[in-house]
Amino acid sequence: MDWATMNNDIYEMPLFKGGNKEVIEKIMHDYPSRYVHYKKGETIAMQGNVCRSLYILCEGSVYAKMISEEGKELTLDTLSAPDVLASSFLFSTEGIFPVTILANSDCNLWIVNKESILRIIEADKLVLRNYLTVISDHSMFLSKRLNEFALQTLSSRIISYIEQNGTIQNLQEAAFILGVARPSLSRAILQLVNQGVLKKENKGYILV
């Protein structure tokens, strides 16, 4: 898919919504981008790699995880279309991905180089405002995640997860997102069930 095809959908994306079409289209014509497909499980970006482009998720979902030197993994976030990836990294001093991004499903991404984004936000104040909103929202989310892992107990994190998602259906997936081993999650859930905080239904574990 090329820019001409993307042209019809771009202005529905949060980053470009309300943007000046003439300005954006001229810049995107002068500075080429690319449309890439990834299959579920494929690596989109590796932690520590140089970040030179903005990744706009057009279809599907991805998740971001960090891996320590000891090999311990922590899932930080799950993002779905039409979210933006790497918005906080692109103009950083280090200019690298601090996380590994993996395809959570088959997905399509529009990869726009740094120069294109810089020229667009310099020329269009509304897109600049949108970009700042995207960065701020991601920063707020990460602050909440830090609070979960640094200050909350596992039981509190389980309750927060169910409040946000409605239920825990797949223990392995929930354990991955919460950054704990499945046996630890199972024990904590059983304890919450015995305490009358959770109950098991056909659709999974829910709050009482």
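The values are calculated or read from the model by the stated rules, or taken from the named source; none is laboratory data. In this text the structure is predicted, and so the values were computed from the model without any measurement. Note that each Cβ is placed from the backbone with ideal geometry, even for glycine, and that neighbours are counted across all protein chains shown. These accessible areas exclude ligands, DNA and RNA; they are computed on the full protein's heavy atoms, side chains included. Shrake-Rupley method; radii C 1.70, N 1.55, O 1.52, S 1.80 Å.
Remarks
- Taking each residue of the range 111-134 that is closer than 20 Å to residue 97 by Cα and looking for partners that are open to solvent by less than 10 Å² (accessible area, probe 1.4 Å) and not aliphatic (A, V, I, L, M) with beta-carbon atoms closer than 7 Å, six or more apart or interchain, yields 131/87; 134/87.
- Criterion applied to 33, 80 was being within 25 Å of residue 16 (Cβ to Cβ) and open to solvent by less than 60 Å² (accessible area, probe 1.4 Å), and the one residue passing it is 33.
- Output for the range 18-40, where each listed residue is of a type in the set (A, V, I, L, M) and touching a strand residue (DSSP E or B) at 6+ places or on another chain (Cβ under 7 Å): 36
- Test: residue in the range 107-124 that is assigned to a helix (DSSP H, G or I), within 30 Å of residue 92 (Cβ to Cβ) and out of contact with any Phe, Trp or Tyr (no Cβ under 9 Å at 6 or more places or on another chain): yes
- Qualifying residue in the range 170-179 (condition: loosely packed, with under 15 Cβ neighbours inside 10 Å and in contact with a strand residue (DSSP E or B) (Cβ under 9 Å, 6 or more places away or on another chain)): yes
- Yes/no for residue 159 being over 30 Å from residue 29 (Cα atoms), in a helix (DSSP H, G or I) and modelled with pLDDT under 85: no
- Matching residues, the range 101-131, being hydrophobic (A, V, I, L, M, F, W, C) and under 16 Å from the mean Cα position of the chain (by Cα): 101, 102, 103, 107, 109, 110, 111
- Residue in the range 174-182 that is part of a helix (DSSP H, G or I), within 30 Å of residue 11 (Cα to Cα) and not β-branched (Val, Ile, Thr) present: no
- Restricting the range 56-77 to residues that are modelled with pLDDT of 90 or more and surrounded by fewer than 17 Cβ atoms within 10 Å (Cβ to Cβ), the residue that is farthest from residue 181 (Cα to Cα): 59
- The range 120-156, subset among the polar types (S, T, N, Q) and modelled with pLDDT of 80 or more, residue surrounded by the fewest Cβ atoms within 10 Å (Cβ to Cβ): 153
- Residues that are at pLDDT below 85 and part of a helix (DSSP H, G or I), drawn from the range 1-24: 3, 4, 5, 6, 10, 11, 12
- The set of residues in the range 192-208 that are part of a helix (DSSP H, G or I) and either open to solvent by 100 Å² or more (accessible area, probe 1.4 Å) or at positive phi (or both) contains only 194.
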